[in-house]
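The values are calculated or read from the model by the stated rules, or taken from the named source; none is laboratory data. Values in this document were obtained by computation on a predicted structure and should not be read as measured data. We place every Cβ from the backbone using ideal geometry, glycine too, and count neighbours over all the protein chains shown. Note: areas computed on protein heavy atoms with side chains; ligands, DNA, RNA excluded. Shrake-Rupley method; radii C 1.70, N 1.55, O 1.52, S 1.80 Å.
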Amino acid sequence: SSAFGASNGVVDCLMNDWKCKLSSLFFGVFGIVIALMKDVPDAAGDRTFNIRSFSVRVGQKRVFGMMKNLLTALFGGVGVALLQLSAMSPTSIATIRRATVGLGCLGASWSVYSEARNVDAENSKQVYNYYMHLWTLFYLSYLVMPLVK
């Protein structure tokens, strides 16, 4: 598989390898969530300096809620898909790896949602701590990606 081995390039990988496409989509969406979530605690400063960031235009609470829901759905969808895929795996070790990562994704989905419950989107410190939690999940996702192959 070109996503985990030799390749003729990124475009070749994206055009011919479903694992590459899906992992790129996953991390692309996750990257958008992180980028938009980063602006949430900065909205007051953006308003002061007349910077029309997405959080200023749409509102901190709406952006926070949308990004939390998007990431919850992303992890939940990937978790369910991996559990289904694990049932079709060619070997028992692949079944175990995919099911484990699928359950981990469902746990991450729950974590994204539950950690956000006590966060006030207008409290910079609380949003920053939540944002750092999302970075932890981002790096953990990269760490477990090879187990899905």
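For the chain, take the longest principal axis of its alpha carbons; what is the angle in degrees between that and the long axis of helix 60-86, to the nearest 10 within 0 to 90?
Value to nearest ten degrees: 10.
Tell me the angle of helix 92-116 to the major Cα principal axis of the chain, expressed in degrees between 0 and 90 and rounded to the nearest ten.
Here the helix axis deviates by roughly 10 degrees.
Carbon-plus-sulfur fraction of the accessible area of the range 61-123, 1.4 Å probe, in percent?
Answer for the range 61-123 is 61 percent, counting heavy atoms of protein chains only.
So which cysteines in the chain don't have a second cysteine's C-beta under 4.7 Å from them?
Flagged as lacking a Cys partner: 105.
With everything on Cα atoms, drop me the angle between helix 124-144 and the longest principal axis of the chain, reported from 0 to 90° to the nearest 10.
Compared with the principal axis, the helix lies near 10 degrees.
Check cross-link reach from residue 125 to the aspartates and glutamates: straight Cα distance under 16 Å, and skip same-chain residues fewer than eight apart.
Within the straight-line cut-off, residue 125 pairs with 39, 42, 115.
In deg cm²/dmol, rounded to 500, what helix-only [θ] at 222 nm does the chain give when every DSSP H run of at least 4 residues adds -39500 (n - 2.57) and the total is split over its residues?
Value at 222 nm, helices only, nearest 500: -25000 deg cm²/dmol.
Explain nothing, just the number: dipole magnitude of the range 51-126 about its Cα centre with +1 on each Lys and Arg Cβ and -1 on each Asp and Glu Cβ, in debye rounded to the nearest 20.
220
With r as the distance between the Cβ atoms of residue 19 and residue 46 and R0 = 41 Å, compute the FRET efficiency 1/(1 + (r/R0)^6) and round to 0.05.
0.60
Cα gyration tensor of the range 1-83, axes a ≥ b ≥ c as square roots of the eigenvalues: rounded (a/c below 1.5), prolate (a/b > b/c) or oblate?
In terms of gyration-tensor shape, oblate.
Find, to one decimal place in angstroms, the Kirkwood hydrodynamic radius of the range 64-149, where the mean of 1/r is taken over every pair of different Cα atoms and then inverted.
For the range 64-149, inverting the mean 1/r across all distinct Cα pairs yields 13.6 Å.
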